[in-house]
Amino acid sequence: MLNINRVHHIAIICSDYQTSKQFYTEVLGFEIVREVYRKERDSYKLDLNVGGLYQIELFSFPNPPTRPSHPEAAGLRHLAFEVDDIEIAIKHIQSFGVVTEPIRVDEFTGKRFTFFADPDGLPLELYER
């Protein structure tokens, strides 16, 4: 039997490393665990701590191909982050110029949520606890 314990990490390839690094550390507030430049690949790898439970690996590569990504497209739909207060979280990210969709309510849980995008258009969600 395959005994998967939890999600270990989420890997994201960005098109502009400095812009995405600033977004994930300053706007979303993720803590840098490790930053490595891999000369042979002309690539950065930035490990980010997400709430002490998860890790995001942010990669840069020269000229990565674009990937169409919309919340309703086939494939990975979005990456969701839990917050205590959706309105406070929205005000925080909007203070950095991030545009969010109007708040919606999950019809099954009654919880509030909203979508926004990272600098490369990756669909992200804030979901209220």
All-but-one check, ALA11 against (1) in a loop (DSSP other than H, G, I, E, B); (2) under 17 Å from LEU122 (Cα atoms); (3) of a type in the set (Gly, Ala, Ser), failing number (1)
Quick test of your reading of the structure: PHE59 fulfils all but one of (1) assigned to a strand (DSSP E or B); (2) open to solvent by 50 Å² or more (accessible area, probe 1.4 Å). Name the failing condition by number.
(2)
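Yes/no matrix, rows are residues, columns are (1) touching a Gly at 6+ places or on another chain (Cβ under 7 Å); (2) in a loop (DSSP other than H, G, I, E, B); (3) modelled with pLDDT of 95 or more:
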{"position": "ARG77", "(1), (2), (3)": "no, yes, no"}
{"position": "GLU82", "(1), (2), (3)": "no, no, no"}
{"position": "GLU87", "(1), (2), (3)": "no, no, yes"}
{"position": "ILE90", "(1), (2), (3)": "no, no, yes"}
{"position": "ILE93", "(1), (2), (3)": "no, no, yes"}
{"position": "GLU101", "(1), (2), (3)": "no, yes, yes"}
{"position": "THR114", "(1), (2), (3)": "no, no, yes"}
{"position": "ASP120", "(1), (2), (3)": "no, yes, no"}
{"position": "LEU124", "(1), (2), (3)": "no, no, no"}
The lone exception for PRO119 - which of (1) surrounded by 11 or more Cβ atoms within 10 Å (Cβ to Cβ); (2) more than 30 Å from ASN5 (Cβ to Cβ); (3) more than 12 Å from the chain's Cα centre (by Cα) it fails:
(3)
Condition check for VAL7: open to solvent by less than 100 Å² (accessible area, probe 1.4 Å) and either touching a Leu at 6+ places or on another chain (Cβ under 8 Å) or modelled with pLDDT of 95 or more (or both)
no
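The values are calculated or read from the model by the stated rules, or taken from the named source; none is laboratory data. Computed from a prediction, not measured in an experiment: that's the story for all the values here. Note that each Cβ is placed from the backbone with ideal geometry, even for glycine, and that neighbours are counted across all protein chains shown. Areas reflect the complete protein model, heavy atoms only, side chains present, ligands, DNA and RNA absent. Shrake-Rupley method; radii C 1.70, N 1.55, O 1.52, S 1.80 Å.
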